[in-house]
Amino acid sequence: MKITPIEADFWKMDGGVAFGVVPKSLWTRVYPEDVDNLIRITTRCLLIQDGDRNILIDTGMGDKRGEKYYSYKYRSGESGLTKPLEKAGLSPASITDILFTHLHDDHVGGATRNGASGEIEEIFPNAKYWCSEAQWEWSKNSNKRESAAFFTDNLQPLEKSGRLNLITNEGNWLPGIELRIFNGHTRGQIIPLISACGTRFVFAADFIPAMAYIPVPWVPSVDIEPLLTLAEKESFLNEAIQNNYVLIFEHDYLHEACHLANSEKGIVAGEEVKINQICN
């Protein structure tokens, strides 16, 4: 099994939104901001190649929205998955499975695009789509704050494709890939644990979106149940350090992945790693 990080988008968001109740005097020590209080973000998807299966975890935000929408996201540079996949020797038609950690726009929007006729069309014609049943149902009946992250034109094409598969329980999904479900950020967020190259990787998605969020109290303001996130994260970090997991960060512009370490302050970020140094 080979895993490769695929960066779909580069964008920015308000640092206060990103770090919630953590004072700016603290978070700016580990994640610098610009003059407008914005921090750099990436959407780092993950490609898993195992035999005949080419699995993509998340797809970025895509290009279906208007210019005004992307100006609010402060997106920069090239976006999309086609060119990064070409570098890996693949095309969108080569992808056999897409696992969505959850259905917020920046994680699922890149699975579809505006077609020449004006209709929304799929980018990955041969892929099976996978999502937790809890997240799928939640996307239809969330809350007034979070509903702005769920777009009908992202979700309806997946349902109409006939290739949408809903995951109901945690456990082994495919050989070498275990799925966990967490509910603090959003209902039914899937976090994959991947055994590859002699290492146990955790694709941390929005559960722990960047290395700066490893301290248990550091929770984004967008999490729907921050106290639940605290409990979920504390429990999982203890498991992770006991088993020497490597955390892969989906939104960390500065750091791709790291080990964990014990300290007087609790569990902290350990040695930073690059995935291609482990899986080359």
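The values are calculated or read from the model by the stated rules, or taken from the named source; none is laboratory data. On a predicted model such as this, the values are computed, not experimentally measured, just so you know. All Cβ positions, glycine included, derive from the backbone under ideal geometry; neighbour counts span all protein chains shown.
Checking the structure you have, find out if any residue of the stretch 90-103 is assigned to a helix (DSSP H, G or I) and more than 20 Å from the chain's Cα centre (by Cα). Can you show your working first?
First pass over the stretch 90-103, keeping only residues assigned to a helix (DSSP H, G or I): 92-94.
Pick out the ones that are also more than 20 Å from the chain's Cα centre (by Cα) and you get 93-94.
Yes: one or more hits.
Give the residues of the stretch 130-155 that are in contact with a helix residue (DSSP H, G or I) (Cβ under 7 Å, 6 or more places away or on another chain), at pLDDT 95 or above and within 19 Å of residue 226 (Cα to Cα), sorted by residue number.
Listed by number, the list holds a single entry, 139.
Return the residues of the stretch 5-31 that are within 21 Å of residue 247 (Cβ to Cβ) and either out of contact with any helix residue (DSSP H, G or I) (no Cβ under 6 Å at 6 or more places or on another chain) or in a loop (DSSP other than H, G, I, E, B) (or both); say none if nothing qualifies.
Within the stretch 5-31, 7, 9, 10, 13, 18, 20, 22, 26, 29, 30, 31 meet the criteria.
Where residues in the stretch 227-280 are in a helix (DSSP H, G or I) and of a type in the set (S, T, N, Q), which of them is surrounded by the most Cβ atoms within 10 Å (Cβ to Cβ)? Lay out the reasoning, then the answer.
Filtering the stretch 227-280 for residues in a helix (DSSP H, G or I) gives 227-242, 275-278.
From the residues that got through so far, the ones that are of a type in the set (S, T, N, Q) too are 229, 235, 238, 242, 276-277.
Working: 229: 24, 235: 12, 238: 13, 242: 9, 276: 12, 277: 10.
The selected residue is 229.
Would you call residue 182 among the hydrophobic types (A, V, I, L, M, F, W, C), surrounded by 21 or more Cβ atoms within 10 Å (Cβ to Cβ) and closer than 26 Å to residue 64 by Cβ? Lay out the reasoning, then the answer.
Working: among the hydrophobic types (A, V, I, L, M, F, W, C): yes; surrounded by 21 or more Cβ atoms within 10 Å (Cβ to Cβ): yes; closer than 26 Å to residue 64 by Cβ: no.
For residue 182, the condition - among the hydrophobic types (A, V, I, L, M, F, W, C), surrounded by 21 or more Cβ atoms within 10 Å (Cβ to Cβ) and closer than 26 Å to residue 64 by Cβ - is not met.
Which of the residues belonging to the stretch 111-129 are among the hydrophobic types (A, V, I, L, M, F, W, C) and at pLDDT below 95? Quick ask: steps written out before the conclusion?
Of the residues in the stretch 111-129, the ones among the hydrophobic types (A, V, I, L, M, F, W, C) are 111, 116, 120, 123-124, 127.
Result: 116, 120.
Name the pairs whose Cβ atoms lie under 8 Å apart, with the first residue in the stretch 5-34 and on the phi > 0 side of the Ramachandran plot, the second surrounded by fewer than 21 Cβ atoms within 10 Å (Cβ to Cβ) and in a helix (DSSP H, G or I), and 6 or more positions between them or separate chains?
Close Cβ pairs (under 8 Å, with a partner that is surrounded by fewer than 21 Cβ atoms within 10 Å (Cβ to Cβ) and in a helix (DSSP H, G or I)) amount to 20/226.
A quick yes/no check of all residues on (1) within 29 Å of residue 156 (Cβ to Cβ); (2) modelled with pLDDT of 95 or more:
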site	(1), (2)
1	no, no
8	yes, yes
41	yes, yes
46	yes, yes
59	yes, yes
65	yes, no
80	yes, no
89	no, no
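Would you mind finding the one in 68, 64 that is touching a Lys or Arg at 6+ places or on another chain (Cβ under 7 Å) and within 21 Å of residue 112 (Cβ to Cβ)?
Working: 68 fails: touching a Lys or Arg at 6+ places or on another chain (Cβ under 7 Å).
Exactly one residue qualifies, and that residue is 64.
Is it the case that residue 248 is among the β-branched types (Val, Ile, Thr) and closer than 19 Å to residue 107 by Cβ? Lay out the reasoning, then the answer.
Details: among the β-branched types (Val, Ile, Thr): yes; closer than 19 Å to residue 107 by Cβ: yes.
Yes: the conditions hold for residue 248.
Report every pair of residues separated by at least 6 positions or lying on different chains whose Cβ atoms are under 6 Å apart, first residue within the stretch 246-266 and farther than 17 Å from residue 191 by Cβ and in contact (Cβ under 8 Å) with a residue 24 or more places away in the chain, second among the charged types (D, E, K, R) and buried (at least 18 other Cβ atoms within 10 Å of the Cβ).
253/40
Of 112, 82, 59, 96, which residue is over 23 Å from residue 197 (Cβ atoms), hydroxyl-bearing (Ser, Thr, Tyr) and surrounded by fewer than 18 Cβ atoms within 10 Å (Cβ to Cβ)?
Values: 112 fails: surrounded by fewer than 18 Cβ atoms within 10 Å (Cβ to Cβ); 59 fails: surrounded by fewer than 18 Cβ atoms within 10 Å (Cβ to Cβ); 96 fails: over 23 Å from residue 197 (Cβ atoms).
Only one candidate qualifies: 82.
Among the listed residues 149, 205, 134, 210, which satisfies the condition of being under 25 Å from residue 254 (Cβ atoms) and surrounded by fewer than 22 Cβ atoms within 10 Å (Cβ to Cβ)?
On the way: 205 fails: surrounded by fewer than 22 Cβ atoms within 10 Å (Cβ to Cβ); 134 fails: under 25 Å from residue 254 (Cβ atoms); 210 fails: surrounded by fewer than 22 Cβ atoms within 10 Å (Cβ to Cβ).
Sole residue among the options that is under 25 Å from residue 254 (Cβ atoms) and surrounded by fewer than 22 Cβ atoms within 10 Å (Cβ to Cβ): 149.
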